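The values are calculated or read from the model by the stated rules, or taken from the named source; none is laboratory data. As the structure is a prediction and not an experimental result, all values here were calculated from the model. Cβ sites come from the backbone with ideal geometry, for glycine too, and all protein chains shown count toward neighbours. Areas reflect the complete protein model, heavy atoms only, side chains present, ligands, DNA and RNA absent. Shrake-Rupley method; radii C 1.70, N 1.55, O 1.52, S 1.80 Å.
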Amino acid sequence: MVVPHHATGARVARHRLADELAEAVPATLLADLVAVLAELVGNAVRHADPLPGGVVRVAWRLRPTPAGPSVSIRVTDGGAVARPLMRVASPDAIDGRGLHIVSGLSSRWGVDRDGLGQSVWAEFDPVTAPPAALVAAG
């Protein structure tokens, strides 16, 4: 899907992802997906140029596996001068934590660049349930 290269783009993308995946993934995974998507679209709007037409492209893929759903998210923008990197944010900083959130919630993330711009992606491996003995003991 494409969303505006504007703060409203993150809201549109979050709602669409939540609507489409609500029945397909566990609620805790859905919350992580929504948070990561919001960070990636927000970063694209704040730090990168738009794609032609003033938009950002957002995509996700759900892959059923025997262990549970695997999900990947990709946000493509027109690129920026600097490659997205995690920064060290002081306790008083108002920004600089977004990619730490992406890294903490996803299984892995990265950046691809091509002639169109750049794509920042995040992948989520299937969530494994704790062993029954731990659940019973807890």
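Does Val12 fit the bill of being part of a strand (DSSP E or B) and over 17 Å from Ser106 (Cβ atoms)? It is false that Val12 is part of a strand (DSSP E or B) and over 17 Å from Ser106 (Cβ atoms).
Has the stretch 54-74 got any residue that is touching a helix residue (DSSP H, G or I) at 6+ places or on another chain (Cβ under 6 Å), modelled with pLDDT under 95 and either over 17 Å from Asp125 (Cα atoms) or of a type in the set (Val, Ile, Thr) (or both)? No, because not a single residue in the stretch 54-74 is touching a helix residue (DSSP H, G or I) at 6+ places or on another chain (Cβ under 6 Å), modelled with pLDDT under 95 and either over 17 Å from Asp125 (Cα atoms) or of a type in the set (Val, Ile, Thr) (or both).
Please go through the stretch 36-52 and pick out each residue that is of a type in the set (Val, Ile, Thr) and open to solvent by 10 Å² or more (accessible area, probe 1.4 Å). Before the answer, list the steps.
Residues of the stretch 36-52 that are of a type in the set (Val, Ile, Thr), as a first pass: 36, 41, 45.
Listed by number, the list holds a single entry, Val45.
Kindly establish whether Ala31 is of a type in the set (Gly, Ala, Ser), at pLDDT 95 or above and part of a helix (DSSP H, G or I). First the steps, then the outcome.
Details: of a type in the set (Gly, Ala, Ser): yes; at pLDDT 95 or above: yes; part of a helix (DSSP H, G or I): yes.
It is true that Ala31 is of a type in the set (Gly, Ala, Ser), at pLDDT 95 or above and part of a helix (DSSP H, G or I).
Selection within the stretch 108-118: residues that are under 11 Å from the mean Cα position of the chain (by Cα) and not aromatic (Phe, Trp, Tyr). The member of this set that is nearest to Asp77 (Cα to Cα) is Gly110.
Could you please let me know if Val71 is under 21 Å from Ser107 (Cβ atoms) and among the β-branched types (Val, Ile, Thr)?
Values: under 21 Å from Ser107 (Cβ atoms): yes; among the β-branched types (Val, Ile, Thr): yes.
So Val71 fits the description; yes.
For the stretch 19-32, the count of residues that are under 14 Å from the mean Cα position of the chain (by Cα) and either polar (S, T, N, Q) or surrounded by fewer than 13 Cβ atoms within 10 Å (Cβ to Cβ) (or both) is zero.
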